[in-house]
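Engineer: The structure under discussion is supplied below as C-alpha cells; questions concerning it will follow.
The values are calculated or read from the model by the stated rules, or taken from the named source; none is laboratory data. Being a predicted model, the structure only gives us computed values, none of them experimental. Here the Cβ positions follow ideal geometry from the backbone for every residue, glycine too, while neighbour counts run over all protein chains shown. To get the accessible areas, we keep the full protein, side chains included, count just its heavy atoms, and leave off ligands, DNA and RNA. Shrake-Rupley method; radii C 1.70, N 1.55, O 1.52, S 1.80 Å.
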Amino acid sequence: MAIILAATMCSITSFKPAQGIKTFDFEDKVQSRSNIALPPSEPLSSRRQLIVSAGASLVPTACCYGLSPSMGWAEEKSSDKEDDDNKGIVGDITSLFDPNEKTKKGKVLPKAYLKSAREVVKTLRESLNEPPDDIAKFRRTADSAKESIREYLGSWRGKQTVVQEESYVMLEKAIRSLANFYSKAGPSAPLPEEVKSEILDYLNIAEEFL
C-alpha cells in the first residue's frame with residue numbers, strides 16, 4: 001500500500017496541468033487525501049523496509065555459507081590438495097629421519113644394516129662375476145668387495161638386532177665360504193666354479209630379504 005501510494009504521489013507531482021487551469025483545489029484535495037492515507041500506512045512501510053533491508057543483508061551471508069556451491073567446492077578441493085601435499089612433505093621428512101626401513105618382505109630393519117648388507121651383495125657379486133684375465137679390473141672389484149665386507153663385519157657382526165635375520169645368516173655363510181677357501185688354498189688361488197656358485201646362491205637368497 002505504501003509503495004503504491006508513493007508511486008501515485010510521484011506521478012501526481014510530475015504532472016503538469018493544462019495552461020489556465022487552477023490547481024490549488026486539486027492540490028488541496030490530494031494533500032487532504034494523503035493526510036488521511038499516510039498515518040495507517042507508515043508502520044506497514046517500516047515493516048517492509050525492515051524486511052527488504054534484512055533480505056539484502058542476507059545475500060552476501062548466504063553466498064558465504066553455501067549458495068555458491070562451485071566456489072565452495074573449489075576452495076574445499078584446493079584445501080584438500082594442500083593437506084595432501086603437506087602430508088606428503090611431512091611423510092618424506094619423517095622417512096628421512098627414521099632409522100628403520102622396510103625390506104622387500106615387509107620386515108622393518110635398521111637402515112644402516114640394510115645399506116651395508118646390500119653393498120656386500122653388490123660388490124661381492126661383481127667380484128665373483130669379473131673375468132680374472134683383466135687383472136686391473138679384477139683387483140678393483142676385489143678390493144671393493146673386501147672393503148664392504150670389512151665394514152659390514154665391523155658394524156654388524158654378532159649384533160642381536162639382526163643375527164636372526166635370513167639376510168644376515170646368508171651373508172655369513174657367503175663370507176665364511178670365501179674365507180674358508182682362501183685360508184686353505186692361499187690368497188692367490190683361483191676360485192673354483194662350485195665354490196663361486198655356492199657363494200652366489202647365498203647372495204641371491206640374502207638379497208631377497210633386504
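Each row is one residue, and each column tells you yes or no for (1) modelled with pLDDT of 95 or more; (2) on the phi < 0 side of the Ramachandran plot; (3) in contact with a strand residue (DSSP E or B) (Cβ under 8 Å, 6 or more places away or on another chain); (4) not acidic (Asp, Glu).
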position: Val108; (1), (2), (3), (4): yes, yes, yes, yes
position: Lys111; (1), (2), (3), (4): yes, yes, yes, yes
position: Thr123; (1), (2), (3), (4): yes, yes, no, yes
position: Asp134; (1), (2), (3), (4): no, yes, no, no
position: Ala142; (1), (2), (3), (4): no, yes, no, yes
position: Ser148; (1), (2), (3), (4): yes, yes, no, yes
position: Gln160; (1), (2), (3), (4): yes, yes, no, yes
position: Val163; (1), (2), (3), (4): yes, yes, no, yes
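Engineer: Just name the residue that is nearest to Ile205 (Cα to Cα) out of those in the range 125-139 that are without any contact (Cβ under 8 Å) to a residue 40 or more places away in the chain and either among the aliphatic types (A, V, I, L, M) or surrounded by 14 or more Cβ atoms within 10 Å (Cβ to Cβ) (or both).
Structural biologist: If we take residues in the range 125-139 being without any contact (Cβ under 8 Å) to a residue 40 or more places away in the chain and either among the aliphatic types (A, V, I, L, M) or surrounded by 14 or more Cβ atoms within 10 Å (Cβ to Cβ) (or both), then Glu126 is nearest to Ile205 (Cα to Cα).
Engineer: Limited to the range 105-131, what total is found for residues that are under 33 Å from the mean Cα position of the chain (by Cα) and in a helix (DSSP H, G or I)?
Structural biologist: Adding up the residues that qualify gives 9.
Engineer: Considering only the range 125-140, state which residues are touching a helix residue (DSSP H, G or I) at 6+ places or on another chain (Cβ under 6 Å), within 19 Å of Arg176 (Cα to Cα) and not hydrophobic (A, V, I, L, M, F, W, C).
Structural biologist: Arg125, Glu126, Ser127
Engineer: Counting only residues that are part of a helix (DSSP H, G or I), without any contact (Cβ under 8 Å) to a residue 12 or more places away in the chain and of a type in the set (S, T, N, Q), which one in the range 148-199 is most open to solvent (accessible area, probe 1.4 Å)?
Structural biologist: Only one residue fits best here, namely Ser183.
Engineer: Identify all residues within the range 112-124 that are open to solvent by less than 10 Å² (accessible area, probe 1.4 Å) and among the hydroxyl-bearing types (Ser, Thr, Tyr); write none if there are none.
Structural biologist: Tyr113, Thr123
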